[in-house]
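Shown next, in structure tokens, is the structure this report addresses.
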Amino acid sequence: MTWQIAARYRYDWARFTDWARSRGETFLPAGPLVILDYLISHPAADSTQRGRLAAINHAHTTFGYPPPGRAAALRDALTAARYDRTATLRARVQEVLPLPEWGWPEGLFGRRDAAMLVLAAAGLPYKTIAELRLSDLESHPDQVIIGSVPLAVLHATDNEDSCPVAVLHRWTAAVPLLVQAPATMAAARDWLTTGARQPSTLDSTQLAVPLLVSIDRDGRPPLPMTHMAATSVRSIVRNHLSGQVRSHRSRIPDRGDARPGRSELSLVPDSPLPDVHDRGVQARKNAVTLFDDLDLDNVYDEVSRRYDEILNRLHWT
């Protein structure tokens, strides 16, 4: 099997497979945590570690497996600056959360944006976040596995407001309603404003929908549902982190607002309507009298005569 590996990768791949066999670990396909353990067990310069990971990625793609080097944990391990940047981002996201999860449409925006934030805090690139599909998430009560590699594994925490597992569960609970009723959004609106209606689940054919979609001010996704642009994801995340996010006002009146309900509106005007009815009736009577006074037969005859005269002048008859 080694001969199928490009020559420049054979040495690093052989070292990894020998280490994995000695530990009883599976090396093809290799999980990101196994690779991370290997890299930690063999410290070296960043460039050397990147070369080792490139060899492992090459072997996986050669034999038809996705490259495990895309996992966020591995990229963080290879670059100290990136690790520090991700740690700072993760701490800032903890400060920003929670976002609204109820109300219309602010609850919908809040659930989606919170999902973006925890995915960014996991170290995933914005392009990867934008390209995720609902089927890329494997949800469990205590963790969410993202991607088949996997790209990242998010673990539950004690803080329900900022727990990445709870945040993703809240958003994925709303996605089925976006898919099944994108036009009226009545089901999503009722659920997020009253909590009385629980969202339904999707069948296997509907799980390929984008995980994150654009939402207009009325809470409607695009038709058909399409992935958000990576630049949009980055802009939303950065706006939240900088405190410059645009607020989404509720478009459902509060039950206690002072505006009158339908039963309180008076059907009788406070002031009398202007006397236009009698004038309108009289105008129609006058029109009938005017037509009676006109000799329309003679008018039609005159029009016909002039028409024939014009045709004769033009030699059309």
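The values are calculated or read from the model by the stated rules, or taken from the named source; none is laboratory data. Note that the structure is predicted; figures quoted are calculated from it, not measured. We place every Cβ from the backbone using ideal geometry, glycine too, and count neighbours over all the protein chains shown. Just the protein is used for accessible areas: all its heavy atoms, side chains included, with ligands, DNA and RNA removed. Shrake-Rupley method; radii C 1.70, N 1.55, O 1.52, S 1.80 Å.
Numerical summary
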quantity: Within region 213-238, tally of residues that are open to solvent by 50 Å² or more (accessible area, probe 1.4 Å) and free of Cβ contacts under 8 Å to residues at least 60 places away in the same chain; calculated: 8
quantity: Close pairs from region 102-115: first within 17 Å of residue 165 (Cβ to Cβ), partner open to solvent by less than 10 Å² (accessible area, probe 1.4 Å) and among the small types (Gly, Ala, Ser), Cβ under 7 Å, at least 6 apart; calculated: 111/174
quantity: Residue tally, condition free of Cβ contacts under 8 Å to residues at least 24 places away in the same chain and either out of contact with any Lys or Arg (no Cβ under 9 Å at 6 or more places or on another chain) or closer than 21 Å to residue 131 by Cβ (or both), over region 42-81; calculated: 8
quantity: Residue tally, condition touching a helix residue (DSSP H, G or I) at 6+ places or on another chain (Cβ under 6 Å) and either at positive phi or part of a helix (DSSP H, G or I) (or both), over region 78-102; calculated: 9
quantity: Hey, residue 52 closer than 15 Å to residue 147 by Cβ and not acidic (Asp, Glu) or not; calculated: no
quantity: Residue 42, sole failed condition from (1) closer than 25 Å to residue 82 by Cα; (2) modelled with pLDDT of 85 or more; (3) over 40 Å from the mean Cα position of the chain (by Cα); calculated: (2)
quantity: Residue 252 surrounded by 13 or more Cβ atoms within 10 Å (Cβ to Cβ), in contact with a Lys or Arg (Cβ under 9 Å, 6 or more places away or on another chain), modelled with pLDDT of 70 or more and of a type in the set (Val, Ile, Thr); calculated: no
quantity: Qualifying residue in region 12-21 (condition: at pLDDT below 90, exposed (fewer than 15 other Cβ atoms within 10 Å of the Cβ) and small (Gly, Ala, Ser)); calculated: no
quantity: Single unsatisfied condition, residue 75 versus (1) under 20 Å from residue 243 (Cβ atoms); (2) open to solvent by 50 Å² or more (accessible area, probe 1.4 Å); (3) modelled with pLDDT under 90; calculated: (1)
quantity: Looking only at region 110-157, and only at residues there that are assigned to a helix (DSSP H, G or I) and hydroxyl-bearing (Ser, Thr, Tyr), the one that is nearest to residue 53 (Cα to Cα); calculated: 128
quantity: From the options 122, 115, 152, 156, residue that is buried (at least 19 other Cβ atoms within 10 Å of the Cβ) and modelled with pLDDT of 90 or more; calculated: 115
quantity: Of residues in region 22-41 being touching a residue at least 24 places away in the same chain (Cβ under 8 Å) and aliphatic (A, V, I, L, M), the one surrounded by the most Cβ atoms within 10 Å (Cβ to Cβ); calculated: 35
quantity: Evaluation of residue 63 against (1) on the phi < 0 side of the Ramachandran plot; (2) at pLDDT 85 or above; (3) more than 37 Å from the chain's Cα centre (by Cα) (one fails), failing number; calculated: (3)
